Amino acid sequence: MKKIRGTFLSIPVLLLANAPALWKLIDINSLLKTLIIILLTLYTLVFMFKSHGRKGSHGKIRRLDSGAFVLGCGVLQSVIQLIIVIVLCFTQLNGWRLLANALCAYAVTTLLCLSGIVRIAASARQVKILWYVILLFTWYIPLVNCIVFRKFYKAARSEYYFEQAKLDLDAARKENEICKTKYPILMVHGIFFRDWQVINYWGRVPNELIRNGAEVYYGKQQSANKVSVSATEVAERIKEVIAETGAEKVNIIAHSKGGLDSRYAISHLGMDKYVATLTTINTPHYGCKFVDMLLGKIPESIQGFVDRKYNKLFTALGDKDPSFLDGVYDLTYKNCSELNASTPDSQLVSYRSVMSKMNSIRSAGFPLNIGYLLNKPYGKGNDGLVTVESGLYGENSKMIEHKGKRGISHGDVIDLFRENIKDFDVREFYVDIVKELKEKGF
């Protein structure tokens, strides 16, 4: 229906695109022709910049819908215009008139497409950078640019339908507050990251949980340090959240090394009485054997150099006393084995673990694709950093099964790249985790 509407509404734009030919072919007063062209020009400008998105939609989503609509009309006009150019060649129009008409049609159609592209670029998250680079070098090439424009159109429409469906779903279940747990959620990040306000480690997940009733807080530990040091920071954060909310306990959802930090805080720092549940996501409970291998081969001088540079950088970014090497060494198989031996699970806490895996080297970009290859000799599958065997911990463990060629990487599972992956809705994945916690009384 929307395509039919778009075709109908863009007819005046098509007439303007062929104004040089119509001026010659239509026998009416020149003043009237000029007036018609002015009106068609004004209509085209309004059509290009007016919002065509669904009323009531979120601002960005509506802009995305509008951009896709305008771009779709532009691509369709490009095809129709090609037919018109061929037909006009068999009329009495001379070569100069045909050339002028072709240039006018090219200019109007290209501007229409670029108008849609600008809106998409301002709103879309699913169009890869590579396509913007390709667009930069091809937007002026007829036919080739149509192929690129269509790629943008399909990506924008797909994202719009997905995001609008999410908003509709959240609106339909808003009153149910399916993520409103008894205890607040504490999300604990992994190594080499911080809980920045501008760039959320957990991507779009926290806002999705909040929209469904969850009360979300962050671990705020430093980016890299020994498990024991990070655990102390997590323990302090647990106490802060309890003091702030008045809750008796918290539900921890921890990713990567954050799971080790949380386990240490629970078992060694007395946090078991303040933690109701611990859900670890792709945590290397049994270490990363490829890290042992790399540390055994990389000279200590280089290790020290990287350590100093990293610590200096992240001190500037807000860490108090980061330690790159201490954090990395605590991810080795040896150190994790020692941690497991000295860190029994508390009977006061309900534990669960989740793990995913990549299905090929093309499942993720650098450095996870390299990590995928380095990890292959050490397990039956891995997420680019952690093997399946290391990530599945305890009796209540779950493997994310993804049937596609891509699989789910260490970054995908926390929405690091803000990508809508086919057959894996990362936001709904966390909604289901928290929903289950609520259903179990946590």
Selected residue [of a type in the set (K, R) and without any contact (Cβ under 8 Å) to a residue 40 or more places away in the chain] from K257, K249, K226, K220: K220
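Taking the residues in the range 234-243 that are of a type outside the set (A, V, I, L, M, F, W, C) and free of Cβ contacts under 8 Å to residues at least 12 places away in the same chain as candidates, determine which candidate is nearest to K182 (Cα to Cα). Write out each step before concluding.
Going residue by residue through the range 234-243, those that are of a type outside the set (A, V, I, L, M, F, W, C) are 236-237, 239-240.
Adding the requirement that they be free of Cβ contacts under 8 Å to residues at least 12 places away in the same chain leaves 236, 240.
Numbers: E236: 21, E240: 17 Å.
Once the filter is applied, the top-ranked residue is E240.
Yes or no, residue by residue, for (1) modelled with pLDDT of 90 or more; (2) among the basic types (K, R); (3) surrounded by 14 or more Cβ atoms within 10 Å (Cβ to Cβ); (4) farther than 25 Å from D423 by Cα:
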position	(1), (2), (3), (4)
R119	yes, yes, yes, yes
V148	yes, no, yes, yes
A155	yes, no, yes, no
A165	yes, no, no, no
D170	yes, no, yes, no
In the range 391-424, the residues that are touching a residue at least 40 places away in the same chain (Cβ under 8 Å) and of a type in the set (D, E): D412, D415, E419
Selection within the range 348-367 - more than 16 Å from H285 (Cα to Cα) and not aromatic (F, W, Y): L348, V349, S350, M358, N359, S360, I361, R362, S363, A364, G365, P367
Cross-chain or 6+ apart pairs with Cβ under 9 Å, the range 129-147 first and not assigned by TED's automatic domain parsing to the domain that holds R418 and among the β-branched types (V, I, T), then exposed (fewer than 13 other Cβ atoms within 10 Å of the Cβ) and part of a helix (DSSP H, G or I): T138/I147
Among (1) assigned to a strand (DSSP E or B); (2) over 30 Å from the mean Cα position of the chain (by Cα); (3) of a type in the set (G, A, S) - the single one A254 does not satisfy: (2)
Boolean, G67 is closer than 30 Å to Q164 by Cβ, in contact with a helix residue (DSSP H, G or I) (Cβ under 6 Å, 6 or more places away or on another chain) and in the same structural domain as I141 (by TED's automatic domain parsing): yes
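Which residue, of D319, D261, is charged (D, E, K, R), within 28 Å of the chain's Cα centre (by Cα) and modelled with pLDDT under 95?
D319
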Selection count where residues are touching a Gly at 6+ places or on another chain (Cβ under 7 Å) and free of Cβ contacts under 8 Å to residues at least 24 places away in the same chain, scope the range 321-368: 0
Test result for R418, in contact with a helix residue (DSSP H, G or I) (Cβ under 6 Å, 6 or more places away or on another chain) and not hydroxyl-bearing (S, T, Y): no
Filtered residue count, the range 388-427, keeping only those that are surrounded by 14 or more Cβ atoms within 10 Å (Cβ to Cβ) and in a loop (DSSP other than H, G, I, E, B): 15
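The values are calculated or read from the model by the stated rules, or taken from the named source; none is laboratory data. The structure displayed is predicted, hence computed values, not measured ones. As a convention, Cβ positions derive from the backbone with ideal geometry for all residues, glycine included, and neighbour counts pool all protein chains shown.
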